[in-house]
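Asks: Below is the structure I would like to discuss, written out as structure tokens.
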Amino acid sequence: MGLSSDAAGVDVRIVGAGTTLGGRWVVDGVDATPPAGALTGLLGPNGAGKTTLLRLVAGLLNPEAGAVLVDDSPVHALARRERARRIAFVEQESASTVPLTVREVVALGRIPFRSLWGADDDEDAVPRALRSAGAEHLADRAWSTLSGGERQRVHVARALAQQPSLLLLDEPTNHLDISAQLSLLAFVRDLRITSVAALHDLNLAAAFCEHVLVLSAGRLVAAGHPSEVLTADLVRDVYGVESDVLTHPRTGRPVIAFHEPAPDPDPTSKEPS
Amino acid sequence: MTRETTTEPRPTGATQPARAARRVPLATLVVVGLVLLVATVLVTVAIGPAGLSPGEVARSIGGHLGFDVAPVPRLHDAIVWELRLPRVLTAAAVGAGLALAGAVMQSLTRNPLADPYLLGLSSGASLGAVAVLVVGVSLLLPVAAFAGALLALVATLALARTGRTLTPSRAVLAGLAVSQLCAALTSLVIFWTATGDSYREILSWLLGSLAGSTWQSVAIAGVAVLVVGAIVLTQGVRLDAFAFGDTAAAALGIDVDRTRWVLMTLVALLTGAMVAVSGAIGFVGLVLPHAVVALTGPAHRRLLPVAALAGAIFLVWADTLARTVFDPRELPVGIVTAIVGVPVFAVLLRRRQGASWG
């Protein structure tokens, strides 16, 4: 494999993975290798198959074709508990009606490590996860009183309590204000865990991801460093939107300036919504 | 990477209750609960027309259990041992079972309004039981009630499921539909077959009543609660995992489908046993878990045993009210639990305005 340069990173290979929903291939023959120990952005319009691909990688959905290999083991063949000790999944807009405190939410991440009676051999895991997610000051707050950004951060803390070697996030920046979006993605990037995040905002992906995968109608249409992949042609082909790709004056990363939608986009690249 | 602000400024933790930090130890809660339950039994058995004292009650029970105690007048002894104690113990077992069933259902469906009553299980169980009572289907009553509860459960889940997940609001809507259907079928059975006095008997039973309790009721409800309760307690951690829904539970390594079916079948079994001895008593399963969460926190290995004890104590008192307030006439206990339960529920609902219910 040879990609791993960091102890926290795990090698993930997506090999011809596909699955259907209602007879349609929503993820179709995807081959990809998110780099170990880095943040990969999963891009594409609504309905492109981002969430489904994340679920396949998380082992929550069995592939009907191909496989997802984590350190050479097929994810869907791992025992559930074992899988939950390696892979953490942060859902899109995950809410609860249970009156939990933040500490209790983070403690949910220890479930794969608990015995039948709830004993956990690593008592320090929850405070550690709270600390590293910068959520210690929230620990005794009621979950229901948190803002969107705080909730997302606590979800990441919960995921960290699973001590994962692979972290998956489904549109983690949805509904967050700009400061929360930036700090969340910077935080995930700096964890140096192999991470894959589905993102809508191409500029956020360009700024924070080491690697991006672009899906369109269930197929992988581009993969690589954002500065190679995120071109005006790709944005037109995949999203049907004209744009100019500039260079960020401080980071040198691409910045995409969109125009109004193209009058007559290529109909084959448009997703039925 | 430390605590940079992720949000608009808002008051810090100081204004929020730090509930997790100082929760009462589980052992304390259980011991206090058990003491209160024993006291409740002694006091409530004494309450009623015969003018017994809790001391006499204790001596009567002690005598039957083989302790060397001063004897109690025979009539009093018979009132305690043959009439009131079986009824009070049945109430305790049913109350514990209803609270357990409610807590489990609320977690599995992620709907704070879920309980066996609202999800149609009680109505299904009632249908099964009425079919036995009235039509004379040759099945044991508890078996028929269990079969009815299980069928109602299957129907509710089949209606409620969309794709692979169960959404909280659909669960309750489907439960409503199933419960209406079962109620209609029950009425049909009664209309078709019942004559004279059996109407009143069936009605009081449909509303929930402990008036007919015997030692056999104690055995049926008690064994069901102890066995199902013991199994459910081992599933506490799994139930915790459902807090953020099916996908989150699956991502934490839980076999969502299997856990849901096993636990819901156990709840159906429990509901069948409860309904067989007492009819369909509402609001205990709905209200008690919410009231207890404030004390225990939402972790199920703390919540479940305390909810069971609280349910037992609550239903014993509710039934005591049911049989004494309009003495010598008796109310179905289901009316009392509704009258007490609905305001408590309203208070809880208002208190938790901040939380996203529904």
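The values are calculated or read from the model by the stated rules, or taken from the named source; none is laboratory data. Here the structure is a predicted model, which means the values were calculated and not measured. A quick note on method: Cβ atoms are made from the backbone with ideal geometry, for glycine too, and the neighbour counts reach across all protein chains shown.
Asks: Among the residues of segment A:39-59, which ones are touching a strand residue (DSSP E or B) at 6+ places or on another chain (Cβ under 6 Å) and not in a helix (DSSP H, G or I)?
Replies: Answer for segment A:39-59, where residues must be touching a strand residue (DSSP E or B) at 6+ places or on another chain (Cβ under 6 Å) and not in a helix (DSSP H, G or I): A:Leu39, A:Thr40, A:Gly41, A:Leu42, A:Leu43, A:Gly44, A:Ala48, A:Gly49.
Yes/no matrix, rows are residues, columns are (1) aliphatic (A, V, I, L, M); (2) under 14 Å from B:Ala248 (Cβ atoms); (3) in contact with a Leu (Cβ under 9 Å, 6 or more places away or on another chain):
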{"site": "A:Gly148", "(1), (2), (3)": "no, no, yes"}
{"site": "A:Arg151", "(1), (2), (3)": "no, yes, no"}
{"site": "A:Val156", "(1), (2), (3)": "yes, yes, yes"}
{"site": "A:Asp170", "(1), (2), (3)": "no, yes, yes"}
{"site": "A:Thr173", "(1), (2), (3)": "no, no, yes"}
{"site": "A:Leu176", "(1), (2), (3)": "yes, no, yes"}
{"site": "A:Ser179", "(1), (2), (3)": "no, no, no"}
{"site": "A:Phe187", "(1), (2), (3)": "no, no, no"}
{"site": "A:Leu191", "(1), (2), (3)": "yes, no, yes"}
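Asks: Within segment A:128-186, which residues are at the interface with chain B (Cβ under 9 Å from one of its Cβ atoms) and of a type in the set (Ser, Thr, Tyr)?
Replies: Once the filter is applied, which keeps residues that are at the interface with chain B (Cβ under 9 Å from one of its Cβ atoms) and of a type in the set (Ser, Thr, Tyr), segment A:128-186 yields A:Ser132, A:Ser144, A:Thr145, A:Ser147, A:Ser179, A:Ser183.
Asks: Let me ask something additional. For A:Ala186, all conditions in the list (1) over 23 Å from B:Gly253 (Cα atoms); (2) among the small types (Gly, Ala, Ser); (3) touching a Pro at 6+ places or on another chain (Cβ under 8 Å) hold save one; what is the number of the exception?
Replies: Only one criterion is unmet by A:Ala186, namely (3).
Asks: If B:Ala291 satisfies all but one of (1) part of a loop (DSSP other than H, G, I, E, B); (2) within 14 Å of another protein chain (Cβ to nearest Cβ), what's the number of the condition it fails?
Replies: For B:Ala291, the exception is condition (1).
Asks: Give the residues of segment B:201-235 that are surrounded by fewer than 22 Cβ atoms within 10 Å (Cβ to Cβ), within 20 Å of B:Val104 (Cα to Cα) and among the small types (Gly, Ala, Ser), sorted by residue number.
Replies: B:Gly222, B:Gly229, B:Ala230
Asks: Since A:Asn62 meets every condition but one in (1) in a loop (DSSP other than H, G, I, E, B); (2) under 23 Å from B:Ala249 (Cα atoms); (3) at pLDDT below 90, which condition does it not meet?
Replies: (3)
Asks: Sort out which residues of segment B:252-282 are outside any helix (DSSP H, G or I) and among the acidic types (Asp, Glu), and write them in order of number. Before you say what the answer is, go through the steps one by one.
Replies: In the first step, residues of segment B:252-282 are kept if they are outside any helix (DSSP H, G or I); the result is B:252-255, B:279-282.
Answer for segment B:252-282, where residues must be outside any helix (DSSP H, G or I) and among the acidic types (Asp, Glu): just B:Asp255.
Asks: Scan segment A:205-230 for residues that are in contact (Cβ under 8 Å) with a residue 40 or more places away in the chain and within 22 Å of A:His248 (Cβ to Cβ) and jot them down.
Replies: Those that are in contact (Cβ under 8 Å) with a residue 40 or more places away in the chain and within 22 Å of A:His248 (Cβ to Cβ): A:Ala205, A:Ala206, A:Ala207, A:Phe208, A:Cys209, A:Glu210, A:His211, A:Val212, A:Leu213, A:Val214, A:Ala223, A:Pro226.
Asks: Does A:Ala84 fit the bill of being more than 8 Å from every other protein chain (Cβ to nearest Cβ) and in a helix (DSSP H, G or I)?
Replies: Working: more than 8 Å from every other protein chain (Cβ to nearest Cβ): no; in a helix (DSSP H, G or I): yes.
For A:Ala84, the condition - more than 8 Å from every other protein chain (Cβ to nearest Cβ) and in a helix (DSSP H, G or I) - is not met.
Asks: Test A:Val15 against the stated conditions and say whether it is more than 12 Å from chain B (Cβ to nearest Cβ), within 23 Å of A:Ala161 (Cβ to Cβ) and not acidic (Asp, Glu). Write out each step before concluding.
Replies: Values: more than 12 Å from chain B (Cβ to nearest Cβ): yes; within 23 Å of A:Ala161 (Cβ to Cβ): no; not acidic (Asp, Glu): yes.
Against the criterion (more than 12 Å from chain B (Cβ to nearest Cβ), within 23 Å of A:Ala161 (Cβ to Cβ) and not acidic (Asp, Glu)), A:Val15 does not qualify.
Asks: Only one of these conditions is not met by A:Asp140: (1) closer than 25 Å to B:Asn111 by Cα; (2) buried (at least 20 other Cβ atoms within 10 Å of the Cβ); (3) in contact with a Lys or Arg (Cβ under 7 Å, 6 or more places away or on another chain). Which number is it?
Replies: Against the list (1) closer than 25 Å to B:Asn111 by Cα; (2) buried (at least 20 other Cβ atoms within 10 Å of the Cβ); (3) in contact with a Lys or Arg (Cβ under 7 Å, 6 or more places away or on another chain), A:Asp140 comes up short only on (2).
Asks: Still on this structure: Out of segment B:217-249, which residues are in contact with a strand residue (DSSP E or B) (Cβ under 9 Å, 6 or more places away or on another chain) and at negative phi?
Replies: Narrowing segment B:217-249 to residues in contact with a strand residue (DSSP E or B) (Cβ under 9 Å, 6 or more places away or on another chain): B:245-248.
Within segment B:217-249, B:Asp246, B:Thr247, B:Ala248 qualify.
Asks: Considering segment A:89-102 alone, what residues qualify as being more than 7 Å from every other protein chain (Cβ to nearest Cβ) and in contact with a strand residue (DSSP E or B) (Cβ under 7 Å, 6 or more places away or on another chain)? Show your work before the answer.
Replies: Restricting attention to segment A:89-102, the residues satisfying the condition of being more than 7 Å from every other protein chain (Cβ to nearest Cβ) are A:90, A:92-93, A:102.
Across segment A:89-102, the qualifying residues are A:Val90, A:Gln92.
Asks: Please state which of the following conditions A:Ala119 fails to meet, knowing it meets all the rest: (1) closer than 21 Å to B:Leu304 by Cβ; (2) more than 21 Å from the chain's Cα centre (by Cα); (3) of a type in the set (A, V, I, L, M); (4) at the interface with chain B (Cβ under 9 Å from one of its Cβ atoms).
Replies: Tallying (1) closer than 21 Å to B:Leu304 by Cβ; (2) more than 21 Å from the chain's Cα centre (by Cα); (3) of a type in the set (A, V, I, L, M); (4) at the interface with chain B (Cβ under 9 Å from one of its Cβ atoms), A:Ala119 fails exactly one: (4).
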